[in-house]
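The values are calculated or read from the model by the stated rules, or taken from the named source; none is laboratory data. All figures in this text were calculated on a predicted structure; none of them were measured in a lab. Because the Cβ atoms are built from the backbone with ideal geometry, glycine has one as well, and the counts that use them run over all protein chains shown.
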Amino acid sequence: MFNSMLDLTSIIQPLAIQSNSILADYSQPLLHFYYKILFNLGHFVHLLFNYLFNFVFYYPLVMAYIWMIGALIYFSRWERKGHKLKSTELDIYPPISFIVPCHNEGRDVEETIEYLLKQDYPDFEVIAVNDGSTDNTLSELMKLAEIHPRLRVIDFPVNQGKALALTTGALASRNEFLICIDGDALLDSQAGKFIMRHFLESPRVGAVTGNPRIRTRSSLLGKIQVGEFSAIIGLIKRAQRVYGRIFTVSGVISGFRKSAVHQVGYWSVDMVTDDIDISWKLQLANWEIRYEENALCWILMPETLRGLWRQRLRWAQGGIEVLLRYTKQMLHWRSRRMFPIYLDYIASILWSYTIFALSLLSIVSIFIPLPEHYNVFTMLPGWSGLLLAGTCLMQFMISLIIDSRYEKGSARTYYWIVWYPFFYWFINVITIIAGTVKVTMKKPKARAVWTSPDRGIR
């Protein structure tokens with residue numbers, strides 16, 4: 001039996017040696033293939049990171065020059081030749097309905113209505129819609145209505161949302177032309193004439209957006225927002241007017257042709273940002289939206305971090321909602337004039353996600369060693385960071401010079417606006433991420449209702 005076991009061992013050993021040799025012959029190409037995949041994957045990751053970093057820096061850089069060029073064309077065409085100083089008198093004065101939706105505006109609504117009634121316009125009415133206010137807004141409006149026959153008050157006992165308040169006001173109005181302002185806004189006495197000029201120039205004009213100015217300036221946030229509305233929002237609206245389509249009218253001061261709003265079904269009650277939604281509805285129906293820099297409206301803005309966060313989160317959520325709702329329509333050739341606005345907003349969302357991902361990876365790399373291909377370099381890489389910073393400063397300077405025609409001393413905000421990229425870009429990135437989550441969690445067709453906003457430190 002011992003001899004038979006030796007014989008079996010002598011048979012198995014050569015077979016084992018032969019099997020190992022065969023496995024070695026096959027494993028070498030497999031290992032080579034595996035290492036080749038890892039190498040290619042690392043190379044791909046390296047290229048991907050280069051593309052992402054280029055996108056992070058060159059997207060805002062390119063868009064800044066697009067906005068500056070467009071704004072300068074607008075300035076040269078419409079503003080340079082003393083546009084603000086020319087007569088505001090019109091050949092005819094069609095009647096206007098001013099609509100003021102209100103929710104918990106008891107502290108400000110009297111001042112708003114009194115300013116509105118000083119409009120230098122011969123024929124107008126004011127419709128104030130109290131939307132389920134829990135403070136003294138309704139009583140303040142009723143006292144004003146007893147004094148001023150131009151004022152009519154509509155009361156909703158329950159909060160129905162700004163969109164329904166605007167729609168109700170429009171349906172109750174007697175006139176074809178509507179100008180909508182917020183319940184805490186102070187409208188310049190000449191704004192009605194400037195807005196009406198566009199409607200009289202072309203029957204294709206469906207809406208005109210005005211020029212909001214910030215009243216709350218007692219904090220750093222307030223001062224930065226003064227510059228933001230001049231150097232960012234005003235500049236972009238001028239450029240978009242030149243390029244053909246405007247992303248959104250101002251929610252605090254805009255004029256509308258009622259027949260245009262009626263055609264598109266009025267304001268959508270389930271959209272968080274009614275101003276962005278009505279802008280897209282009108283333009284997708286081939287109505288034109290114009291910007292009127294002389295239609296000044298003084299507004300209150302958040303001056304606390306909590307208030308700013310809630311406002312920017314609502315803006316981000318509303319933009320994403322509009323993007324998703326109208327994507328199917330954007331696939332049609334007849335919507336081609338909206339393509340630049342649509343693609344730019346998609347790019348801005350991707351940019352926010354890219355910034356967020358790279359920042360997160362940079363933080364992780366501090367605590368956990370990462371492979372070489374996954375290393376995240378500094379967020380201010382050499383000459384490109386300096387170029388981006390220089391471009392931002394140039395954009396701010398150009399826009400403030402243009403905008404100083406409408407508010408003396410606005411150039412003094414230059415010192416404060418230079419801090420905008422460091423703080424507000426970060427807020428915008430985070431709100432885009434959070435806004436996406438809110439959109440996915442929102443119930444379909446859920447009513448968008450008011451929440452009392454931060455009105456600043458006064």
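Check whether at least one residue in segment 224-232 is in contact with a strand residue (DSSP E or B) (Cβ under 6 Å, 6 or more places away or on another chain), farther than 22 Å from Phe423 by Cβ and polar (S, T, N, Q), and report yes or no. No, because not a single residue in segment 224-232 is in contact with a strand residue (DSSP E or B) (Cβ under 6 Å, 6 or more places away or on another chain), farther than 22 Å from Phe423 by Cβ and polar (S, T, N, Q).
The residues of segment 100-125 that are part of a strand (DSSP E or B) and surrounded by 24 or more Cβ atoms within 10 Å (Cβ to Cβ), listed by number, are Val100, Pro101, Cys102. Among the criteria (1) modelled with pLDDT under 95; (2) in contact with a strand residue (DSSP E or B) (Cβ under 7 Å, 6 or more places away or on another chain); (3) surrounded by fewer than 15 Cβ atoms within 10 Å (Cβ to Cβ), the one Thr137 does not fulfil is (3). Of all residues in segment 415-458, those satisfying the criterion of being at pLDDT below 70, surrounded by fewer than 16 Cβ atoms within 10 Å (Cβ to Cβ) and either within 25 Å of Asp135 (Cα to Cα) or hydroxyl-bearing (Ser, Thr, Tyr) (or both) are Tyr415, Ser452, Ile457, Arg458.
Condition first: among the aliphatic types (A, V, I, L, M), out of contact with any Ser or Thr (no Cβ under 6 Å at 6 or more places or on another chain), at pLDDT below 95 and in a helix (DSSP H, G or I). Can you find one or more residues in segment 300-318 that meet it? Yes, segment 300-318 contains at least one residue that is among the aliphatic types (A, V, I, L, M), out of contact with any Ser or Thr (no Cβ under 6 Å at 6 or more places or on another chain), at pLDDT below 95 and in a helix (DSSP H, G or I). Quick check: is even one residue across segment 71-92 under 29 Å from the mean Cα position of the chain (by Cα), surrounded by 15 or more Cβ atoms within 10 Å (Cβ to Cβ), among the acidic types (Asp, Glu) and farther than 30 Å from Ala389 by Cα? Looking through segment 71-92, none of the residues is under 29 Å from the mean Cα position of the chain (by Cα), surrounded by 15 or more Cβ atoms within 10 Å (Cβ to Cβ), among the acidic types (Asp, Glu) and farther than 30 Å from Ala389 by Cα. Does Ile73 satisfy the condition of being touching a helix residue (DSSP H, G or I) at 6+ places or on another chain (Cβ under 8 Å), at pLDDT 95 or above, not hydroxyl-bearing (Ser, Thr, Tyr) and not in a loop (DSSP other than H, G, I, E, B)? Criteria not met by Ile73. Against the list (1) under 29 Å from Asp277 (Cβ atoms); (2) in contact with a Phe, Trp or Tyr (Cβ under 8 Å, 6 or more places away or on another chain), the condition Pro122 fails is (1).
When segment 120-138 is filtered for residues that are of a type in the set (D, E, K, R) and touching a residue at least 60 places away in the same chain (Cβ under 8 Å), the ones remaining, listed by number, are Asp120, Asp131. Residues that are under 14 Å from the mean Cα position of the chain (by Cα) and among the β-branched types (Val, Ile, Thr) within segment 279-292 are absent altogether.
Within segment 260-286, take every residue that is touching a residue at least 24 places away in the same chain (Cβ under 8 Å) and of a type in the set (Gly, Ala, Ser) and give me the one that is surrounded by the fewest Cβ atoms within 10 Å (Cβ to Cβ). That would be Ala285.
A quick yes/no check of all residues on (1) at pLDDT 95 or above; (2) within 20 Å of Ile299 (Cα to Cα); (3) outside any loop (DSSP other than H, G, I, E, B); (4) touching an Asp or Glu at 6+ places or on another chain (Cβ under 7 Å):
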residue: Ile154; (1), (2), (3), (4): yes, no, yes, no
residue: Thr168; (1), (2), (3), (4): yes, no, yes, no
residue: Leu171; (1), (2), (3), (4): yes, no, yes, no
residue: Cys180; (1), (2), (3), (4): yes, yes, yes, no
residue: Met196; (1), (2), (3), (4): yes, no, yes, no
residue: Arg213; (1), (2), (3), (4): no, yes, yes, yes
residue: Arg217; (1), (2), (3), (4): no, yes, no, no
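Quick one: would you say Ile289 is modelled with pLDDT of 95 or more, surrounded by fewer than 24 Cβ atoms within 10 Å (Cβ to Cβ) and within 27 Å of Gly435 (Cα to Cα)? Here the answer is no, as Ile289 does not meet what is asked.
Kindly indicate whether Lys281 is under 18 Å from Ser335 (Cβ atoms) and either part of a helix (DSSP H, G or I) or among the basic types (Lys, Arg) (or both). Yes: the conditions hold for Lys281. Scanning segment 247-259 for residues that are in contact with a strand residue (DSSP E or B) (Cβ under 9 Å, 6 or more places away or on another chain), of a type in the set (A, V, I, L, M, F, W, C) and surrounded by fewer than 24 Cβ atoms within 10 Å (Cβ to Cβ) yields one hit, Val252. A single entry from Leu117, Leu61, Leu141, Leu151 fulfils the requirement of being touching a residue at least 12 places away in the same chain (Cβ under 8 Å), in contact with a helix residue (DSSP H, G or I) (Cβ under 7 Å, 6 or more places away or on another chain) and farther than 21 Å from Leu164 by Cβ: Leu61.
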